[in-house]
Amino acid sequence: MKKILKYSAVLVAALVAGGCNLDQAPFSETATDSYVKSAAEVKTLVVGTYNGLHDVLYNEWALTELRSDNTRMRVNGSTANDTKLIEQLDQGVQTTAHAWIEDYWNACYATIDRANKVLANLGVVDDAELHDRYEGEVKFIRALLYFNLVRLYGPVFIVTRKTGADEARYMQRSPVDEVYALIEQDLTDIIDNQLLPPPSQVDKADLGHATMQAAEALLAKVYMTHYEVGSDNYMKAGDLMRSVLAAAGNPQSGAALVPYDRIFASDNEMNAEIIFAVRYLSGNVGLGCPFGTLFGPLNNGNNVIMGSPKHYNFPTDDLIGAFNAGGNDLRKEVTLKESYYNPTTGQVVEGASGRWCDKFLEPVTTEYDGDKDWPVLRVGDIALLLAEWINETSGPTDEAMTYINMIRERAGIEPYTSADVSSKYEFRVAVRNERRLELACENQRWFDLMRWNQAMTVVNEHLVSELFYGDYTYPVNPIQEWQVLLPIPISVTNINSNVAQNPGY
């Protein structure tokens, strides 16, 4: 059984994220730190921090995959409120009052606040090993959340301790460099002080907790995102990624990897591919995975998934074309479906009604109550990132070819030869395309496009090439550079009128 405790989240406005209300502990949103008197209570707070990631992840697909060329609206012309929210993000015309943008912001800060509460109460944990582990786990989560926030919103508020309402009303957003400095400090604290165990030393009951491998993988991504190629910190990413892959058994071929269709299987959770995942537990205990219901095809008559799925995160023609261009890519069938059979009518349902993102679907008995975990960091991601790093620093070496080709081998497609990708530019194009297909619908595409400084260019090309956008009764305009960042929610600026809004909003 997954080791997760139930958490009842209370999201509060803007920065004043009050903490956690755990069913298993006598703490409320307004409880003082003096109530935390034992290591057991700190452990409960740690579990609450993990469970806060459920609220964070709930809308993350809409801020990442939907805004990219991977997924889009299913149909246009609907006046339903949630459809209009999707439409705004799909076309890059989101506003400061967008409810999902605000929900994501609040979920991140509420979970950061839980992490800060753990750090503030570690003094009651006498066991040195537990003390270090709890510190490392919540610093990892805090770093992950700030990494997402700074990439999506730009300058954000740095909150590392309990912050009162009066203070929050006058706080200002911190520059991007300062946010990254906090992220890097949290992760280097973990690594330099060995606060987390390696994956090989994690008990089965603790699978899903952050490990040293997860901290190294995340720090490598941070370095490759924030620093220029060839800079000192960019160069550090290589050793970190090699360490991550060594902990995963140093795979050198597709045969050494978990088969692609088994990475996401609910009966194969926390397999060797997974470095860090947000874990879910079905059974009507408030911890189920919602994405089968959110992504499943509308009106499918329980032939795909029971209930009334929303049909969000609809795969684009462009993504399907990218899969098809590679031949018989095994990843396509795992990632998305283009039809299903309806035994009642005897017909195959295709088109807009029969296409959906399938990577996180599974049979459920209750809506929003699946069992599939959501990978945040995994081996295929880091292998391709290392291949990219090697190419950017040394060109398309044999080592870089090994990593990209083992991912292609697992996908059942032809490996590249040195003639196919003989230059740094050709390899760069190849590895970027490989990352798109390998990580499709896992909330990675938008962050990659931003890291490559291609978000505006790729989205605008997509808005022109995807025939769907030509069917609107009004022109779907290209986005401008300022629309790459999300707006600071209006609820924040209402509380603190002196907070600078992102340009353009």
(request) On the full set of protein chains, 1.4 Å probe, figure out the accessible area of SER394 and give it in Å² to the nearest 10. (result) 80 Å²
(request) Treat every Asp and Glu Cβ in region 130-280 as -1 and every Lys and Arg Cβ as +1, leave all other atoms uncharged, and give the resulting dipole magnitude about the Cα centre to the nearest 20 debye. (result) 300 debye
(request) Report the equivalent ellipsoid semi-axes for the chain in whole Å, largest first, defined as the square roots of five times the eigenvalues of the gyration tensor built from alpha carbon atoms. (result) 33, 28, 24
(request) Report ³J(HN,Hα) in whole Hz for each residue of region 385-400, in order, from the Karplus equation J = 6.51 cos²θ - 1.76 cosθ + 1.60 where θ = phi - 60°; Gly and Pro get x. (result) 5, 5, 4, 5, 4, 4, 5, 5, 9, 9, x, x, 6, 4, 5, 4
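What does the highest-first list of 427-434, 217-224, 490-497 look like by mean Cβ count within 10 Å?
Details: 427-434: 19.2, 217-224: 24.6, 490-497: 15.9.
Packing proxy ranking, top to bottom: 217-224, 427-434, 490-497.
Would you calculate, for the chain, the mean residue ellipticity at 222 nm contributed by helices, counting each DSSP H stretch of 4 or more residues as -39,500 (n - 2.57) and dividing by all residues, to the nearest 500?
Only helices count here, giving -14000 deg cm²/dmol.
Restricting to Cα atoms and excluding each atom paired with itself, what does the Kirkwood estimate give for region 376-425 in Å? Please list the in-between numbers first.
Values: mean 1/r = 0.0907 Å⁻¹.
Mean inverse Cα-Cα distance, inverted, gives 11.0 Å.
Kirkwood hydrodynamic radius for region 192-266: how many Å is it when counted over pairs of different Cα atoms?
On the way: mean 1/r = 0.0712 Å⁻¹.
Every distinct Cα pair counted, the radius reaches 14.0 Å.
Ignoring ligands, DNA and RNA, what percent of the accessible area of the chain is carbon or sulfur (1.4 Å)? Please report the intermediate quantities before stating the final value.
Details: 9780 of 19710 Å².
The computed percentage sits at 50.
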(request) Find how many whole Å separate the alpha carbon centroid of region 373-404 from the alpha carbon centroid of region 185-229. (result) 17 Å
(request) Taking the Cα centre of the chain as origin, work out the dipole magnitude from +1 charges on Lys and Arg Cβ and -1 charges on Asp and Glu Cβ, in debye rounded to 20. (result) 560 debye
(request) In whole Hz, with x marking every Gly and Pro, tabulate ³J(HN,Hα) for region 44-60 from phi via Karplus 6.51 cos²θ - 1.76 cosθ + 1.60, θ = phi - 60°. (result) 5, 5, 4, 4, x, 5, 4, 5, x, 5, 4, 5, 4, 6, 3, 10, 4
(request) Mind listing the long-range amide H neighbours of VAL156? Cut-off is under 5 Å, sequence gap 5 or more, other chains count too, H placed in the peptide plane at 1.01 Å from N. (result) SER174
(message) 5 Å is the cut-off here: which amide hydrogens, built 1.01 Å from N in the peptide plane, fall below it relative to VAL278, excluding neighbours closer than 5 in sequence?
(response) TRP374, VAL376
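When only the heavy atoms of the protein chains count and the probe is 1.4 Å, how do LEU377, LEU207 rank by accessible area, highest first? It would help to have the intermediate numbers written out before the result.
Working: LEU377 5, LEU207 60 Å².
So the residues, ranked largest to smallest area, are LEU207, LEU377.
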(request) Kindly identify region 422-505 as rounded, prolate or oblate by the Cα gyration tensor criterion: order the square roots of the eigenvalues as a ≥ b ≥ c, call it rounded if a/c is under 1.5, otherwise compare a/b with b/c, prolate if a/b is larger, else oblate. (result) oblate
(request) Let me know the shape class of region 81-170, please: from the alpha-carbon gyration tensor, a ≥ b ≥ c as square roots of the eigenvalues, rounded when a/c is under 1.5, otherwise prolate if a/b is greater than b/c, or oblate. (result) prolate
(message) Quick check: the distance between the Cα centres of region 430-462 and region 231-260, to the nearest angstrom?
(response) 21 Å
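Hey, if we sort TYR472, TYR170 by accessible area with the 1.4 Å probe, largest down, what's the order? Mind dumping the intermediate values first?
Details: TYR472 25, TYR170 165 Å².
Order by accessible area, largest first: TYR170, TYR472.
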(message) Could you derive backbone 3J(HN,Hα) for region 162-175 from the dihedral phi with the Karplus parameters 6.51, -1.76 and 1.60 (θ = phi - 60°), listing whole Hz in sequence and x where the residue is Gly or Pro?
(response) 4, 10, x, 4, 5, 5, 4, 5, 10, 5, 10, 5, 8, x
(message) Could you tell me the relative contact order of the chain? Use alpha-carbon pairs under 8 Å, at least six residues apart, and round to a whole percent.
(response) 19 percent
(request) Loop only per DSSP, at most 13 neighbouring Cβ atoms within 10 Å: give me the GluC sites (Glu not before Pro) in region 148-234, ordered by residue number. (result) GLU228
(request) Starting from the Cα of LYS117, draw a straight line to each of the lysines and keep only those under 30 Å, dropping any in the same chain fewer than 8 residues away. (result) LYS2, LYS3, LYS6, LYS37, LYS43, LYS139, LYS162, LYS204, LYS221, LYS372
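The values are calculated or read from the model by the stated rules, or taken from the named source; none is laboratory data. This structure is a prediction, so every number in the text was calculated from the model and none was measured. Using ideal geometry, Cβ is built from the backbone for each residue, glycine included, and neighbour counts are taken over all protein chains shown. These area figures cover heavy atoms from the full protein model, side chains too; ligands, DNA and RNA do not enter into them. Shrake-Rupley method; radii C 1.70, N 1.55, O 1.52, S 1.80 Å.
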